Amino acid sequence: MKKGLKTQNGASDDGQLMLSMHRTMLRIRHFEETIRKLAASGAVPGLVHLCAGQEATNVGIIAALEERDFIASHHRGHGHCIAKGAPIEELMAEILGKASGLCGGRSGSMHVIDMDRRNLGTNGIVGGGIPLAAGAALAARSRGSDDVCVCFFGDGALNQGLLHECMNMAAIWKLAVVFVCENNGYGEFTAIDDVTAGPSMPGRGKVFGIPSVMIDGMDVQAVYDAARRAVAYARAGKGPSFIICNTWRFGGHHVGDKQEYKDDDITKAWLLRDPLLKSAKVLAATGVASAKAIAQMEIDAITEMMAAADAVRRAPEPAPQALLEHIYG
Amino acid sequence: MDESRTINFRDAVLEALFIEMRADSNVILIGEDVGAAGGVFKQTQGLFAEFGERRVIDTPISEPGAFGMAIGAAMSGMRPVFEVMFGDFMTLCMDQLVNQAAKVRYMSNGRVGVPLVLRTTMGTGANLGPQHSQGFYAWAAHTPGLKVVVPSNAADACGLMRAAILDDDPVLFFEDRLLYNSSCEIASDLPIVPIGSARTVRDGRDVTIIAIGRMVAFAQEAANRLAKDGVDVEIIDPRTILPFDAATVVTSVKKTHRAIVVDGAPLAYGVTGEIAATIMEQAFDWLDAPVMRLAAVNAPVPISRSLEPLVRPDAIRIENAVRAVIA
């Protein structure tokens, strides 16, 4: 089941790459929709944070990486895991706390670690993954390797001190890190503008001498182009970059959040900018895929997720002895 | 004498670093002033010259970020030794220590570990005051997934540092600054001391003193004085707080029937309570007296030369405790 992203790092108008990115975005969208339904039915233990709406930032960035490159994710991280190649059924089983989950069902949505795919993990602490990513890049430097590490975080983490510490260190040591802020406008229930000082978000990277851009995070090709430049810069030993992807979470902070803090008109405007609509339009307009083929891709994604959900619902819970396993090596 | 030599605590840890850094290029040192400066306590001298800036990494004063980076480096194949200049500054690293380093192995279902050493200095007695004297090993030992080491002498410090670097889990290594110039004999091959094994410092039959870190030296001083009065003290140095070698302690208490636990960190919710409870759970029927605890008072460490010595146990207080417990 090799359904991971095609990551040959061609130009963003490469037809195969566009198709691959669209397919991965569809799989993320329907994975999240499946998780939402599972959560509503009570099958998901604890809190779950969905990334529907943010697929282009997940996919466009990771498409610019090679398999050997690292990522670190955050609490809204299912899309990153899927784009990095996590097996769907194991990821879904993990979110449901099942024994067959990627982490034995002990970690759940917010703490998926998938080192086989060089994914340092989703993270329950806002900003917690940032130094892990920078540390993987520091290790690469010590080893003399040119592996690149992408560090995903939300706009909420812009105000964590850790981010600024790590940007400073990444800059002084020219680490191969790409800092990616997925700015969906809200840290939990609080609008970014209410809690973030200064005239410019990219300015927060520029102050460390880090090339910093703000882009349309709903346009997977634009995201990919920015990522490709940043990854090449990092791989060449020139140091970190900072990409702010403006995006929108179509759901609430977590499943069950009524989102009363969001303005309906603004939400409608963002829904019209759905990254999947844009990508499908480009695929059709450029003749890369017919409308029928695009529709079939979506049916395939839905079918895949429904089959996974059926299997995972029936999967066994962890055995009691798993409680005390793997605390120490 | 060709099979052993004398070494002080500071050099013992430094030699352990040299040995393990020569043996494995994945061992790196990260911290403030650890590089060309050689450490503020001269505890990393010579490493930068031999291993260079890629393996001996001077950080800005950014403990949370730098420590988190050490964890990321450990997850991706390195074996970092991260230095926190004063143990008090560990508080800045607590999220990364507790929520990341300690849990990565569990959260990944055993697929990835964090082979990392956090070494830090601690201890009262140098008039460094409330923010430069604390030993937070009890905090650390409350977190499943961490290992916690508190050596009391140079030979153990060397052997335990070697073991800590070779360990596949995060190990916290607490060094009492006032031990840095204390010396002892060490076998010339600088042997590894396994984590989780206590040492019987002194054999005795009347009472067992379990002493942590620098408290071992005070216990020895007290034992020597008590010996003149015919009181025969056994001293156990746990060396490792977590995992704790309960078997050695319990065996000793079953022999002596009395126990005193001595620690230089605050009494409340500390190591002495945990050890006393362990003795009560596993050797209650052998006890001829309640387990006694001696630890630092529940107060910040004052800087005053007259107040600071009142904070922690010393040889006289230990001697008095023994006389009370055998009475």
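The values are calculated or read from the model by the stated rules, or taken from the named source; none is laboratory data. Please read these numbers as outputs of a predicted model, since none were measured by experiment. Here the Cβ positions follow ideal geometry from the backbone for every residue, glycine too, while neighbour counts run over all protein chains shown.
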Considering only residues that are under 11 Å from the mean Cα position of the chain (by Cα) and part of a loop (DSSP other than H, G, I, E, B), which ones fall in segment B:126-160?
B:GLY135, B:PHE136, B:VAL150, B:PRO151, B:SER152, B:ASN153
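Look at B:LEU97 and say whether it is more than 10 Å from every other protein chain (Cβ to nearest Cβ) and either among the basic types (Lys, Arg) or within 30 Å of A:ALA86 (Cα to Cα) (or both). So that I can check it myself, show each step before the final result.
Working: more than 10 Å from every other protein chain (Cβ to nearest Cβ): yes; either among the basic types (Lys, Arg) or within 30 Å of A:ALA86 (Cα to Cα) (or both): yes.
For B:LEU97, the condition - more than 10 Å from every other protein chain (Cβ to nearest Cβ) and either among the basic types (Lys, Arg) or within 30 Å of A:ALA86 (Cα to Cα) (or both) - is met.
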Considering only residues that are under 19 Å from B:ASP88 (Cα atoms), buried (at least 16 other Cβ atoms within 10 Å of the Cβ) and among the β-branched types (Val, Ile, Thr), which ones fall in segment B:297-326?
B:VAL301, B:VAL311
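Quick one: which residue in B:GLY87, B:GLY135, B:GLY145, B:GLY113 is surrounded by fewer than 24 Cβ atoms within 10 Å (Cβ to Cβ), touching a Phe, Trp or Tyr at 6+ places or on another chain (Cβ under 7 Å) and in the same structural domain as B:LEU14 (by TED's automatic domain parsing)? If you could, list the steps in order and put the result at the bottom.
On the way: B:GLY87 fails: surrounded by fewer than 24 Cβ atoms within 10 Å (Cβ to Cβ); B:GLY135 fails: surrounded by fewer than 24 Cβ atoms within 10 Å (Cβ to Cβ); B:GLY113 fails: touching a Phe, Trp or Tyr at 6+ places or on another chain (Cβ under 7 Å).
Only one candidate passes the filter, namely B:GLY145.
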Could you check segment B:141-156 and list, in sequence order, the residues that are of a type outside the set (Val, Ile, Thr) and over 17 Å from B:GLN100 (Cβ atoms)?
B:ALA141, B:PRO151, B:SER152, B:ASN153, B:ALA154, B:ALA155, B:ASP156
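Among the listed residues A:ALA285, A:ALA289, A:ALA295, A:ALA301, which satisfies the condition of being surrounded by fewer than 12 Cβ atoms within 10 Å (Cβ to Cβ) and among the aliphatic types (A, V, I, L, M)?
Criteria check complete, one pass: A:ALA285.
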Determine whether segment B:256-268 contains at least one residue that is touching a Leu at 6+ places or on another chain (Cβ under 9 Å) and at positive phi.
yes
Determine whether segment B:64-85 contains at least one residue that is of a type in the set (A, V, I, L, M, F, W, C), in contact with a Cys (Cβ under 6 Å, 6 or more places away or on another chain) and within 25 Å of B:PHE18 (Cα to Cα).
yes
Looking at segment B:16-38 only, could you name the residues that are of a type in the set (Gly, Ala, Ser) and crowded, with 21+ Cβ neighbours inside 10 Å?
B:ALA16, B:GLY31, B:GLY35
Going by the conditions given, is B:PHE48 aromatic (Phe, Trp, Tyr), crowded, with 22+ Cβ neighbours inside 10 Å, part of a helix (DSSP H, G or I) and more than 7 Å from chain A (Cβ to nearest Cβ)?
no
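Being more than 17 Å from A:PHE208 (Cα to Cα), free of Cβ contacts under 8 Å to residues at least 12 places away in the same chain, more than 16 Å from the chain's Cα centre (by Cα) and within 13 Å of another protein chain (Cβ to nearest Cβ): is that true of A:GLY97 here? Can you show your working first?
Details: more than 17 Å from A:PHE208 (Cα to Cα): yes; free of Cβ contacts under 8 Å to residues at least 12 places away in the same chain: no; more than 16 Å from the chain's Cα centre (by Cα): yes; within 13 Å of another protein chain (Cβ to nearest Cβ): yes.
No.
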Quick one: B:ALA163 ticks every box in (1) within 12 Å of the chain's Cα centre (by Cα); (2) within 14 Å of chain A (Cβ to nearest Cβ); (3) in a helix (DSSP H, G or I) bar one, so which box is it?
(1)
Counted residues, segment A:244-265 - those being more than 16 Å from the chain's Cα centre (by Cα), surrounded by 15 or more Cβ atoms within 10 Å (Cβ to Cβ) and touching a residue at least 60 places away in the same chain (Cβ under 8 Å):
3
Looking at B:ILE209, B:ILE235, B:ILE192, B:ILE186 in this structure, which one is more than 14 Å from chain A (Cβ to nearest Cβ) and within 30 Å of B:GLY110 (Cα to Cα)?
B:ILE192
I'm checking my understanding of the structure. Among residues of segment B:201-219 that are assigned to a strand (DSSP E or B), over 16 Å from the mean Cα position of the chain (by Cα) and without any contact (Cβ under 8 Å) to a residue 60 or more places away in the chain, which one is surrounded by the most Cβ atoms within 10 Å (Cβ to Cβ)?
B:THR208
Looking only at segment A:232-249, decide whether some residue is more than 14 Å from chain B (Cβ to nearest Cβ), farther than 30 Å from B:LYS103 by Cα and among the charged types (D, E, K, R).
yes
Only residues in segment B:312-327 that are in contact (Cβ under 8 Å) with a residue 40 or more places away in the chain count as the first member; pair them with residues that are surrounded by 21 or more Cβ atoms within 10 Å (Cβ to Cβ) and part of a loop (DSSP other than H, G, I, E, B), Cβ under 7 angstrom, at least 6 apart or cross-chain, and list the lot.
B:ARG312/B:THR124; B:VAL325/B:ARG258; B:ILE326/B:ARG258
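Residues checked against (1) modelled with pLDDT of 95 or more; (2) part of a helix (DSSP H, G or I); (3) closer than 28 Å to B:ALA155 by Cβ:
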position	(1), (2), (3)
B:ILE236	yes, no, yes
B:ILE260	yes, no, yes
B:THR272	yes, yes, yes
B:ALA295	yes, no, yes
B:SER304	yes, no, no
B:ILE316	yes, yes, yes
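What about B:ILE192, is it surrounded by fewer than 24 Cβ atoms within 10 Å (Cβ to Cβ), in contact with a Lys or Arg (Cβ under 7 Å, 6 or more places away or on another chain) and in a loop (DSSP other than H, G, I, E, B)?
Values: surrounded by fewer than 24 Cβ atoms within 10 Å (Cβ to Cβ): yes; in contact with a Lys or Arg (Cβ under 7 Å, 6 or more places away or on another chain): yes; in a loop (DSSP other than H, G, I, E, B): yes.
Here the answer is yes, as B:ILE192 does meet what is asked.
Looking only at segment B:167-185, which residues are farther than 13 Å from B:ARG10 by Cβ and either over 15 Å from the mean Cα position of the chain (by Cα) or modelled with pLDDT under 95 (or both)? Don't jump to the end; show me each part of the working.
We begin by selecting, within segment B:167-185, every residue farther than 13 Å from B:ARG10 by Cβ; these are B:167-174, B:185.
Matches in segment B:167-185: B:ASP167, B:ASP168, B:ASP169, B:GLU185.
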Every listed condition ((1) under 18 Å from A:LEU120 (Cβ atoms); (2) touching a residue at least 12 places away in the same chain (Cβ under 8 Å); (3) of a type outside the set (A, V, I, L, M); (4) touching a Ser or Thr at 6+ places or on another chain (Cβ under 9 Å)) holds for A:GLY15 save (1)
State whether one or more residues within segment B:53-63 are farther than 19 Å from B:ALA164 by Cα, part of a helix (DSSP H, G or I), more than 13 Å from every other protein chain (Cβ to nearest Cβ) and not polar (S, T, N, Q).
no
How many residues of segment B:280-296 are more than 25 Å from B:ASN224 (Cα to Cα) and surrounded by 13 or more Cβ atoms within 10 Å (Cβ to Cβ)? The answer is 4
Taking segment A:135-163 and keeping residues in contact (Cβ under 8 Å) with a residue 60 or more places away in the chain and within 7 Å of chain B (Cβ to nearest Cβ) leaves A:ALA136
Can you tell me which residue among A:LYS268, A:LYS278 is surrounded by fewer than 17 Cβ atoms within 10 Å (Cβ to Cβ), charged (D, E, K, R) and assigned to a helix (DSSP H, G or I)?
A:LYS268
Name the residues in segment A:213-243 that are touching a Phe, Trp or Tyr at 6+ places or on another chain (Cβ under 9 Å) and surrounded by 23 or more Cβ atoms within 10 Å (Cβ to Cβ), would you?
A:GLY217, A:MET218, A:ALA230, A:PRO240, A:SER241, A:PHE242, A:ILE243
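Just checking, which of B:VAL114, B:VAL150, B:VAL81 is in contact with a Lys or Arg (Cβ under 8 Å, 6 or more places away or on another chain) and either at the interface with chain A (Cβ under 10 Å from one of its Cβ atoms) or among the acidic types (Asp, Glu) (or both)?
On the way: B:VAL150 fails: either at the interface with chain A (Cβ under 10 Å from one of its Cβ atoms) or among the acidic types (Asp, Glu) (or both); B:VAL81 fails: either at the interface with chain A (Cβ under 10 Å from one of its Cβ atoms) or among the acidic types (Asp, Glu) (or both).
Answer to the selection: B:VAL114.
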